1. Taking the Cα centre of region 127-203 as the origin, how large is its charge dipole in debye, to the nearest 20, when only Lys and Arg (+1) and Asp and Glu (-1) carry charge on their Cβ atoms?
2. Picking from L23, L61, I187, whose Cα lies most toward the positive end of the charge dipole for region 6-202 (charges on Cβ: Lys, Arg +1; Asp, Glu -1)?
3. Which of the listed residues, V198, C173, A86, is farthest toward the dipole's positive end in the chain, when Lys, Arg count +1 and Asp, Glu count -1 at the beta-carbon?
4. Among the trypsin sites (Lys or Arg not before Pro) in region 9-43, which ones are in a DSSP loop with at most 13 other Cβ atoms within 10 Å of the Cβ? Mind listing them?
5. Need one number: convex hull volume per residue for the chain, Cα atoms only, in Å³.
6. When the dipole is taken about the Cα centre of the chain, and only Lys, Arg (+1) and Asp, Glu (-1) are charged at their Cβ, what size is it in debye, to the nearest 20?
7. Pairs to check: K60/K121; K7/K60; K90/K143. Give those whose C-alpha atoms are more than 26 Å from each other in this structure.
8. Can you work out the FRET efficiency for the pair T169 and V198, with r the C-beta to C-beta distance and R0 = 25 Å, to the nearest 0.05?
Amino acid sequence: MKITQAKFAMSSTSVEGKPARRLPEFAFIGRSNVGKSSLINMLCGNRRLAMTSATPGKTKLVNHFIINDSWYIVDLPGYGFARLPARERKALHDIISDYLSNSLELVMLFVLVDSRHDPQKIDVDFIGELGEHNIPFGIVFTKGDKLGPVALQRQIDRYKQQLLLDWDTLPPCFVSSAETGLGKDEILGYIGQVLDDVREDFK
């Protein structure tokens, strides 16, 4: 799988306002400053495609990018912004919930977690909710270039052990770095496999 064309399609605050063209959607989500927009830019080979910022909560809309004129990357707002006012946190929660619950075109959600940190309760709880609602997902360990190989594998193993407390099998897992391109081929290869599996559903 290679991305040869990536264009911003539109932003919305609800499923009703998203692009009308029915194409498979691969959404990306994570906590504040986990590197979501940077990962999307890396996958697409365009550093200016998705807005990046050091300010938590910068993404407050559901952003659709049309890829190869045949599927969408969806940049979702992040979760867990403790410093935001309660009203803004609820608004973001409602936007995320609406998309995950009602987008019939969502075929895969990538949950991004920072590989430098031990499993965070907010991430584990969010992943648990995905399982309860039968939302297909994978996990991307970001900033994989910031740790040595031994320390990186130790952190990944800790996450997997935590997940196996509640899950019989693990979801697909990937390691990425927006700086080095680590994980690009693996993530895009997996997306290509999913696209092959769902092609008939979108004819």
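1. Values: 8 positive and 13 negative charges, 78 e Å.
It works out to roughly 380 debye.
2. Farthest along the dipole direction, towards plus: L61.
3. Projecting each Cα onto the dipole axis, the largest value belongs to A86.
4. On the way: sites: R21, R22, R31, K36; in loops: R21, R22.
Here the trypsin sites (Lys or Arg not before Pro) that fit, given the DSSP loop and packing criteria, are R21, R22.
5. Numbers: hull volume 24.0 nm³, N = 203.
Hull volume over Cα atoms, normalised by residue count, gives 118 Å³.
6. Working: 25 positive and 25 negative charges, 186 e Å.
The calculation lands at about 900 debye.
7. On the way: K60/K121 22 Å; K7/K60 19 Å; K90/K143 28 Å.
Where the Cα-Cα span goes over 26 Å, the pairs concerned are K90/K143.
8. On the way: r = 21 Å, r/R0 = 0.82.
That gives a FRET efficiency of 0.75.
Since every read-out is calculated from the coordinates, none of them should be taken as a lab result. Since we're looking at a predicted model, the values are computed, not measured. Virtual Cβ from ideal backbone geometry, glycine too; neighbours counted across all protein chains shown.
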